[in-house]
Amino acid sequence: MTDSNLPASVRHSAAQQSSPTLFSAVGRSYFPIAFVARMPFAMIVVGVLTLVVAGRGSLSLGGINSAMVGLGTALFGSFIGAAADRWGQRYVLLIVGILNCAALTFMAWVVFSPLPDLVVFIAAFAIGATSPQVAPMSRSRIVDIVMSVLPSPRRPKVLNATMAYESAADEVIFVFGPFLVGLLATFFTPVAPIVGAIAMTLIFVSAFALHPTGRARATGTSSSLGERAPAKDMFTGGVFVILLGVFGVGMVFGSTLTALTALTNDIGRPEEAGLIYGVMGIGSAVLAISVALFPSSFALWARLLCFAPILVTGSVILASTDSMPVIVMALLLMGTGIGPSLVTLFSLAAERAPLGRSATVMSMAGSAIIVGQSVSSAINGILAEDRGTAVAMAVPGAASAIVLCAGLLNLVVGRRDDRKAAKTSRQRVTEAEDEI
């Protein structure tokens, strides 16, 4: 992205200072708006589950609808990111935001209507397919602005800190989202979480779309050379292991919440599931933010292999006990592993996104979270109902193992693709210099 492609406010802020900062470039309102705007995305899986169970009286039907939300996101999330790369985030976000509100409104009505379950499935699929990809688009904006505005020596450190913040924000949102759904459903009606998601989409997603940083196209560092990588460059082993790892993190989120719901329901206090689940988010958010303090010598591949085993260890402890104090300690341990792992995965995504494809790759990674959450919620809900709570408590261990496998695969596939990408990048720069 060249300076001429940036919003006027961004270029003006940068010009006012001899050494611009990220905050001066994006403005004070950006991060609060971007934080709240991603809340509806974190509410929809649990919100749809809660609404369908209340309206249709079937836990398995609710789980299947949650999976339909994930399926819609999986199939259309990357296309939304690709559209943002091509036409800019502003118009894409405004359009999908309106469509998503319409799908949520339809779901709130159809669940209590006499229409068959198939129509409810279609509504759930539409909700997932039109979900605004705020988190990945926020990452894409930040990457583009950092690479375009900040001096080269400061870019790696600022990018690392920003990815740490973005992942910590995701952690908080994906923990607080289900808690907010439970709160609204308990004190009002099961429709209240859907209404809340509609209101936040109309207000905050629209505000995020209309923010000055949303004017620019997410063209990444390629614009300086006038290039945009072909779509096939996104389908590499290095990108696949990132998606696998993020999918595993989403499965940890969904399976852990479902398992804790089954556990607290067994002891007659189901309303406490969200509070206990929040313990994992505390450790996760703190450690995710702390990643910004890691030295550059602590390579991304090493970070993933360092923290993924901690996540696995915590999930094994969670599956092996029914003592609430031990469960809380296990959740804290899982949080210390999952936060840095998610930060690292998105940092790798920022590095491996092909030229001009950052929003697409980030959307693919963001979709992988919601898909993992949806799939594991549906599967673990069925297991908890048919096989018991003990079996459901073991599923987070399997999900954590997926994250560890992604870290191990990244050693082989990811580093090979990184070398190949670096060679290709050098060739392109040399060709561009020769033409000049």
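For the pair TRP87 and VAL328, what calculated FRET efficiency results from E = 1/(1 + (r/R0)^6), where r is the Cβ-Cβ distance and R0 = 45 Å, to the nearest 0.05?
Efficiency computed from Cβ-Cβ geometry: 0.45.
What length, rounded to one decimal in nm, is gained on full extension from GLU385 through to LEU202, with 0.36 nm per residue of separation minus their alpha-carbon distance?
62.2 nm
Of the listed peptides 24-35, 140-151, 321-332, 116-127, what is their order by residue-averaged count of other C-beta atoms within 10 Å, with the highest listed first?
Order by mean packing, descending: 140-151, 116-127, 24-35, 321-332.
Contour minus end-to-end for THR105 and ARG155, with contour as 0.36 nm per residue of separation and end-to-end as the Cα-Cα distance?
Gain on stretching THR105 to ARG155: 13.7 nm.
For PHE294, PHE204, write out the residues from largest to smallest accessible area, computed with a 1.4 angstrom probe and no ligands counted.
Ranked from most to least accessible, the order is PHE204, PHE294.
For the residue pair ASP117 and TRP301, what label-to-label distance in nm results when each label sits 7 Å from Cα along the Cα-to-beta-carbon direction?
About 4.7 nm, to one decimal.
Which three semi-axes in whole Å describe the equivalent ellipsoid of the range 17-116, each the square root of 5 times a Cα gyration tensor eigenvalue, listed largest first?
Equivalent ellipsoid of the range 17-116: 35, 15, 12 Å, largest first.
Where does each of 103-115, 78-90 land if you order them by average Cβ count within 10 Å, highest first?
So the peptides 103-115, 78-90, ranked by packing, come out 78-90, 103-115.
May I ask you to give the percent of accessible area on the range 151-212 that is carbon plus sulfur, with a probe radius of 1.4 Å?
Roughly 81 percent, rounded to a whole number.
The values are calculated or read from the model by the stated rules, or taken from the named source; none is laboratory data. From a predicted model like this one, the values you see are computed outputs, not experimental measurements. A quick note on method: Cβ atoms are made from the backbone with ideal geometry, for glycine too, and the neighbour counts reach across all protein chains shown. Quick note on the areas: whole protein, heavy atoms, side chains included, nothing else; ligands and nucleic acids left out. Shrake-Rupley method; radii C 1.70, N 1.55, O 1.52, S 1.80 Å.
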